[in-house]
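Chemist: Shown below is the structure under consideration.
The values are calculated or read from the model by the stated rules, or taken from the named source; none is laboratory data. What you see is a predicted model; the values in this text were computed from it and never measured. Reconstructed Cβ throughout: ideal geometry from the backbone, glycine too, with neighbour counts over all protein chains shown.
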Amino acid sequence: MDVQEVLRLADHLVFTKTGKRLDDLQEAILRGSLESEKYSKVADAFHCSEGHVKDIASDLWKILSDALGEEVRKYNLRSTLNRQKYSNFLNFAKDSVQINHINVCNEPPLSSDDSVTPKNNKNQPLLRVNLDDAPDIYEFFGRIEELETLTDWILEQRCRVVMLLGMSGIGKTALAVKLVQEIQQHFDLVIWQSLETAPALNELLINLLQFLLDKPANQLPINLNEQLSELMKGLRSQRCLIILDDFQTLFNSGQLAGNYRPNFENYRLFIKKISQFNHQSCIILNSWELPKDLIELRGKNTAIHYLLLSGLGESAKDLLKAQGLSDIENWNTLLDYYGGNPYFLNSISTVIKNLFGGKVSEFLDYETLFLGEDLTESLTQQFNRLSELEQKIIIHLGQIPNGIMLSEFQSNLKISHSDVLKALASLGQRCWIERLELDNKTYFTLQPMLKYYIASLNEL
């Protein structure tokens, strides 16, 4: 669909839902979305704030989403409307598309034998998807900017390697699932592989090649270099999207972040080939920590990007609302305590509902954080992965109310400047520490939830 077709269709949908036509700003937002313009550029053209444009855009996406029965956002506007052309929601007549008997644009008709999914032409293979390893996501909150960023990296910048980083429970997997739902139609093949059991590289490659080449394992090469060569051929000949979840299982525990375990060093070669050699595909890696070799490769290669996920921010309130919690005026305190981590917030919401009838104020009256067995187990698993030096720094930070400066680590813990820098860099990659800027000075601290966890360790 061209721009005018999109505008006509959007105008009709908005009029159907609201009784009003698109205004000039709404049209500019739609045009800008189709041309990958930032909201700031639209704001400049209309002499208004970027925040105002975002508010108008948010209302517009909601209207279109309600009208089409699926989520519409800036990053998926064209693909959603294109897909809707072929759905049962659109009825094609001889010279025009009809929606509820109103003509909106010209397109050839679909026959009664056409399926909901558009038929591909001879040069466009049918999309094949294997999401057997992907979890079901029943609720998804926020992450609009993250989705836009990832979509831009993958579809516009054609990145070969994208990494989603963050603590356990922060929503990496949910974000990846949502992203796949939004962009999969731009690929020939999509496959999700869980690395939870830490498969050897040749085992992973066999799984990928079986799907990419549609061949049984006994017809595939057994030599690792030949397997990698076949994979690269597949990534060049077809536009593939590969998601590797739980990449951190390949790394050593008890060391600084991103060091491969013995017998998994050959994954370095896998990452190097995918990031440096030309192909038309993309690999998404979900991990608690960043591989060292990817840091080195990123400095030389713009085809690699990584996104460090933090808490949900204001969108976390939608999660609390969905959980049925009350006392909205106290929600910010709850979000600060648990860092906006969706897994932790879901867990504590269950406690608040079961013990306090959903009343956040009564829970907060106890003036203490609460970590159930599931949260404690999750944090312990991540804490045990830290090196001895990292654990020493984390325990020290847990005892400091307002954070400390870099120089204080050296004097308080008797650690060399070099070791402090290495440990802080590693902890930053693992999302264990927060950096604060006060009076032009940099301080390091922990989230309240992590401080409470460290305090509980000291009581053991």
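Chemist: For the structure I just gave you, tell me whether S418 is at pLDDT 85 or above, among the small types (G, A, S) and in a helix (DSSP H, G or I).
Modeler: yes
Per-residue answers, yes or no, for (1) among the aliphatic types (A, V, I, L, M); (2) more than 27 Å from I183 (Cα to Cα); (3) free of Cβ contacts under 8 Å to residues at least 12 places away in the same chain:
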| residue | (1), (2), (3) |
| --- | --- |
| A200 | yes, yes, no |
| L205 | yes, no, no |
| Q210 | no, no, yes |
| P221 | no, yes, yes |
| Q227 | no, yes, no |
| E230 | no, no, no |
| R239 | no, no, no |
| Y260 | no, yes, no |
| R268 | no, yes, no |
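Chemist: Answer yes or no as to whether L195 is over 15 Å from I283 (Cα atoms), aliphatic (A, V, I, L, M) and modelled with pLDDT under 95.
Modeler: no
Chemist: Against the definition (aliphatic (A, V, I, L, M), crowded, with 21+ Cβ neighbours inside 10 Å and within 28 Å of the chain's Cα centre (by Cα)), how does A322 come out, yes or no?
Modeler: no
Chemist: Right, another one. Check S361 against each of (1) among the small types (G, A, S); (2) in the same structural domain as K317 (by TED's automatic domain parsing); (3) surrounded by 15 or more Cβ atoms within 10 Å (Cβ to Cβ) and name the one condition it does not meet.
Modeler: (3)
Chemist: Restricted to the range 258-291, and to residues that are part of a loop (DSSP other than H, G, I, E, B) and among the aromatic types (F, W, Y), which residue is surrounded by the most Cβ atoms within 10 Å (Cβ to Cβ)?
Modeler: W288
Chemist: Among the residues of the range 377-402, count how many are surrounded by fewer than 18 Cβ atoms within 10 Å (Cβ to Cβ) and outside any helix (DSSP H, G or I).
Modeler: Of the residues in the range 377-402, 5 are surrounded by fewer than 18 Cβ atoms within 10 Å (Cβ to Cβ) and outside any helix (DSSP H, G or I).
Chemist: Looking at the range 1-37, which of its residues are in a helix (DSSP H, G or I), of a type outside the set (K, R) and within 29 Å of the chain's Cα centre (by Cα)?
Modeler: V3, V6, A10, Q26, E27, A28, I29, L30, G32, S33, L34
Chemist: Enumerate the strands (runs of 3 or more DSSP E) found wholly within the range 99-172, keeping only those where 3 or more residues are modelled with pLDDT of 90 or more.
Modeler: 161-165
Chemist: Working only within the range 341-363, note down all residues that are within 21 Å of the chain's Cα centre (by Cα), assigned to a helix (DSSP H, G or I) and among the polar types (S, T, N, Q).
Modeler: N346, S347, listed by residue number.
Chemist: Filter the range 284-331 down to residues that are outside the structural domain of I154 (by TED's automatic domain parsing), among the β-branched types (V, I, T) and touching a residue at least 40 places away in the same chain (Cβ under 8 Å), then give me how many there are.
Modeler: 0
Chemist: Tally time: how many residues in the range 179-211 are of a type outside the set (D, E, K, R) and either closer than 22 Å to V72 by Cα or assigned to a loop (DSSP other than H, G, I, E, B) (or both)?
Modeler: 14
Chemist: Another question about this same structure. Going residue by residue through the range 408-422, is there one that turns out to be closer than 28 Å to P342 by Cα and either of a type in the set (D, E) or in contact (Cβ under 8 Å) with a residue 12 or more places away in the chain (or both)?
Modeler: Scanning the range 408-422 turns up no residue that is closer than 28 Å to P342 by Cα and either of a type in the set (D, E) or in contact (Cβ under 8 Å) with a residue 12 or more places away in the chain (or both).
Chemist: Among the candidates S349, S315, which residue alone is among the small types (G, A, S) and within 22 Å of L165 (Cβ to Cβ)?
Modeler: Of S349, S315, the one residue that is among the small types (G, A, S) and within 22 Å of L165 (Cβ to Cβ) is S315.
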